[in-house]
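**Student:** Supplied in structure tokens, the structure appears directly below.
The values are calculated or read from the model by the stated rules, or taken from the named source; none is laboratory data. Predicted, not measured: the structure shown is a model, and the values here were computed from it. All Cβ positions, even for glycine, are placed from backbone atoms using ideal geometry, and neighbour counts span all protein chains on display. We work out accessible area using only protein heavy atoms, side chains counted, and drop any ligands, DNA or RNA first. Shrake-Rupley method; radii C 1.70, N 1.55, O 1.52, S 1.80 Å.
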Amino acid sequence: MKQSKIRLDNVSASYGSADQQNLVQVLHNVNLDVQEGEFVSIVGPSGCGKSTILNLAAGLWSSADGAISGSIKVDHADRKQTIGYVLQKDALFPWRTLIKNVEYPLEITGLPRKQREEIAREWIDRVGLAGFEDRYPYQLSGGMRQRANIIRVLAYDPEIVLMDEPLGALDAHTRMVLQQQISDLWSASRKTVVFVTHDLEEAILLSTRVVLMTKRPATVSASRTIDLPYPRTVMNLKLTPEFRNLYENLWHEFCDLLR
Amino acid sequence: MRNRNSFEKFATLVAQGTVIAALLIAWEGLAGGFGLNLKTLDPVFFSRPSRVAADLINGLSKGEFTRDFLFTIQTSMWGLVLGIVSGIAVGFLFAYLPWLNRLFEPLMVAFNSLPRPALAPVLVLILGLGMASKIVLSWSIVFFIVFYNTYAGIMSVDPDLVKVARIMGSNRFQIFRHVIMPSVFSWVFAALRVSVAFALVGAVVGEFVGSTQGLGYQMEAARGVLNSDRVYSILLILMMIGVVLTEISKAIERRLLRWRPPSPGI
Ligand SMILES: Nc1ncnc2c1ncn2[C@@H]1O[C@H](COP(=O)(O)OP(=O)(O)O)[C@@H](O)[C@H]1O
Ligand SMILES: [Mg+2]
């Protein structure tokens, strides 16, 4: 019996304060139910409120940001380190080396040095960053930093992983390599993932379900299950007729939303 | 490639040495040296390199600089340390208590706008001819440098880093310790070189105005009896102190801020 991990019911959100006449409505009656073990991608035009949804799920909305209505439920949100959030910009600590960055979430829970080093090293190996443990972020390429950014979150084993356009700023080749790695990591762990992207192809390649958002004020306009088996080989999957079918199908809908 | 690099370095070194040597030779020649008896630069006021060197060696061998050297170093180091500690503390206080910042802002701006050497007579008047008046003068410069850097450091902490740290489960103390502090220290250490230089300025200016010890005091005394050789000897010593302190702070900066990308200028 699957269980709902994140559930948004009729959520509307506006930035700004009502008295200042500059209230901007971003979300309008958003309904989203992410089940345990799903990999859900949220696709929508830039500025429609995708990051806002993740912030709401991560509990990062404060009353100073604006007004919200509706109900937001996140399973075990009160427990520490339930949620992992990969920001679009790789927010690595510039004064920590790669391995110390990955160790950070383990360090603050008081895990002994040896154990956290071991876990961090394992993740670093897994995404092909071995040999770069003692580099500072400025000494790493964009793709390496983004990998570090992702494994720093996975290293503490959160129950829910939120990713905000983690591959948005990368070149096509690095992007594909990391898509494959994310897909492999997911099919091995089957964690609950909410993945935000503006790239429909990427969404279909990685996800078990794709959610399309409308322009601002955004609402969910479509939700499609992607019934392609795992493990997936991103490079080959793109060329299969099953993928092309799904893609064309969603593409028309996606284009309608942009109009 | 390597060879060429080291050759270039060597050539630069030779060129730099030549410029300095040329200036010294010109000074020596124009100020009555080399048996030319030119008086373009009157040696009574300008001395000349050979006489300065002789005085320096003589003074050093008799230990005539030791006491004043130690006094100046001690004074500036006290000013530096107190300035850094209080600058960081008050920086945090003001950043975390905005009302305090609002309350004192005009006062801070006014004080910081005051040319600090003008404080020297007042400080000597109040605190006397001893070390205290110089330490306070030195502190009053360093404090503002560190204070403003601390404040700016806190205000410019990357909000994404705080956000990330918070989501990963850091408590307030951990955010302070692992995000705010490193960020602030990077600003403070980046200003270390300037702080050190100004600590020395404060000490020497204080000694000029009223003191019984210190290199500034000895220089002022030598000037009073038209001993220009000694004036230039002390100038040279102060220059050396400045160079050594700057190099030490550069080394500390390099070590503590090695996580920063090297700026293209350095
Ligand atoms: N803190 C904020 N204050 C005011 N407006 C904001 C704030 N954050 C985002 N917005 C606005 O809300 C809209 C949605 O933002 P966001 O959720 O970041 O969109 P997306 O991630 O889909 O690009 C944008 O138009 C943006 O300008
Ligand atoms: Mg966004």
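**Student:** Identify the residue in the stretch A:57-78 that is of a type in the set (A, V, I, L, M, F, W, C) and within 16 Å of A:Thr192 (Cα to Cα) and, among all such residues, is farthest from ligand 2 (Cβ to nearest atom).
**Tutor:** A:Ala77
**Student:** Let me ask something else. Those residues that are hydroxyl-bearing (Ser, Thr, Tyr) and open to solvent by 60 Å² or more (accessible area, probe 1.4 Å), I need them from the stretch B:47-82; list them, please.
**Tutor:** The first filter runs over the stretch B:47-82 and keeps only residues hydroxyl-bearing (Ser, Thr, Tyr), leaving B:47, B:50, B:61, B:66, B:72, B:75-76.
Once the filter is applied, which keeps residues that are hydroxyl-bearing (Ser, Thr, Tyr) and open to solvent by 60 Å² or more (accessible area, probe 1.4 Å), the stretch B:47-82 yields B:Ser61, B:Thr66.
**Student:** Right, next: Starting from the stretch A:172-199, keep only residues that are touching a residue at least 24 places away in the same chain (Cβ under 8 Å), then list their pairs with residues that are surrounded by fewer than 17 Cβ atoms within 10 Å (Cβ to Cβ) and aromatic (Phe, Trp, Tyr) whose Cβ atoms are within a distance under 9 Å, requiring at least 6 positions of separation or different chains.
**Tutor:** Listed pairs, sorted by first residue: A:Ser183/A:Tyr230; A:Trp186/A:Tyr230; A:Ser187/A:Tyr230; A:Arg190/A:Tyr230.
**Student:** When the stretch B:163-195 is examined, which residues are found to be surrounded by fewer than 20 Cβ atoms within 10 Å (Cβ to Cβ) and more than 14 Å from chain A (Cβ to nearest Cβ)?
**Tutor:** B:Arg193, B:Val194 - these are the residues of the stretch B:163-195 that are surrounded by fewer than 20 Cβ atoms within 10 Å (Cβ to Cβ) and more than 14 Å from chain A (Cβ to nearest Cβ).
**Student:** Right, here's the next one. Based on what the data block shows, is A:Trp95 open to solvent by 30 Å² or more (accessible area, probe 1.4 Å), of a type outside the set (D, E, K, R), assigned to a loop (DSSP other than H, G, I, E, B) and within 28 Å of A:Lys2 (Cα to Cα)?
**Tutor:** It is false that A:Trp95 is open to solvent by 30 Å² or more (accessible area, probe 1.4 Å), of a type outside the set (D, E, K, R), assigned to a loop (DSSP other than H, G, I, E, B) and within 28 Å of A:Lys2 (Cα to Cα).
**Student:** Follow-up. Hey, among the residues in the stretch A:190-221 that are more than 16 Å from ligand 1 (Cβ to nearest atom) and part of a strand (DSSP E or B), which one's farthest from A:Lys5 (Cα to Cα)?
**Tutor:** A:Arg209
**Student:** Continuing with the same structure: Hey, can you tell me all the residues within the stretch B:3-55 that are assigned to a loop (DSSP other than H, G, I, E, B) and either in contact with a helix residue (DSSP H, G or I) (Cβ under 7 Å, 6 or more places away or on another chain) or among the polar types (S, T, N, Q) (or both)?
**Tutor:** Those that are assigned to a loop (DSSP other than H, G, I, E, B) and either in contact with a helix residue (DSSP H, G or I) (Cβ under 7 Å, 6 or more places away or on another chain) or among the polar types (S, T, N, Q) (or both): B:Ala31, B:Gly32, B:Gly33, B:Phe34, B:Leu36, B:Asn37, B:Leu38, B:Thr40, B:Leu41, B:Ser47, B:Arg48.
**Student:** Looking at the stretch A:62-75 only, could you name the residues that are in a strand (DSSP E or B) and small (Gly, Ala, Ser)? Let's see the steps before the verdict.
**Tutor:** Of the residues in the stretch A:62-75, the ones in a strand (DSSP E or B) are A:66-74.
If the condition is that a residue be in a strand (DSSP E or B) and small (Gly, Ala, Ser), then A:Gly66, A:Ala67, A:Ser69, A:Gly70, A:Ser71 are the ones that fit.
**Student:** What helices (runs of 4 or more DSSP H) lie completely within the stretch B:161-263 and have 2 or more residues being farther than 30 Å from A:Gln139 by Cα?
**Tutor:** B:192-209, B:215-224, B:228-256
**Student:** If you don't mind, another one. Suppose we filter the stretch B:196-215 for residues that are small (Gly, Ala, Ser) and surrounded by fewer than 24 Cβ atoms within 10 Å (Cβ to Cβ); how many remain? Talk me through it step by step, then tell me what you get.
**Tutor:** Narrowing the stretch B:196-215 to residues small (Gly, Ala, Ser): B:197, B:199, B:202-203, B:206, B:210-211, B:214.
Within this subset, residues satisfying the condition of being surrounded by fewer than 24 Cβ atoms within 10 Å (Cβ to Cβ) are B:197, B:210.
Residues meeting the conditions: 2.
**Student:** Another one. For residues in the stretch A:2-59 being small (Gly, Ala, Ser) and more than 15 Å from ligand 1 (Cβ to nearest atom), which is most open to solvent (accessible area, probe 1.4 Å)?
**Tutor:** Here the answer is A:Gly59.
**Student:** Name the single residue, out of those in the stretch A:118-131 being in contact (Cβ under 8 Å) with a residue 12 or more places away in the chain and open to solvent by 60 Å² or more (accessible area, probe 1.4 Å), that is farthest from A:Pro94 (Cα to Cα).
**Tutor:** Narrowing the stretch A:118-131 to residues in contact (Cβ under 8 Å) with a residue 12 or more places away in the chain: A:119-121, A:123-124, A:126-129.
Checking the rest, the ones that are also open to solvent by 60 Å² or more (accessible area, probe 1.4 Å) come to A:121, A:126.
Numbers: A:Arg121: 19, A:Arg126: 22 Å.
Result: A:Arg126.
**Student:** Among the residues of the stretch A:152-189 satisfying the criterion of being within 13 Å of another protein chain (Cβ to nearest Cβ) and more than 26 Å from A:Arg7 (Cβ to Cβ), which is nearest to ligand 2 (Cβ to nearest atom)?
**Tutor:** A:Arg152
**Student:** So A:Gln88 fits all but one of (1) open to solvent by less than 30 Å² (accessible area, probe 1.4 Å); (2) in contact with a strand residue (DSSP E or B) (Cβ under 6 Å, 6 or more places away or on another chain); (3) within 16 Å of ligand 2 (Cβ to nearest atom); what number is the exception?
**Tutor:** That leaves (1) as the condition not met.
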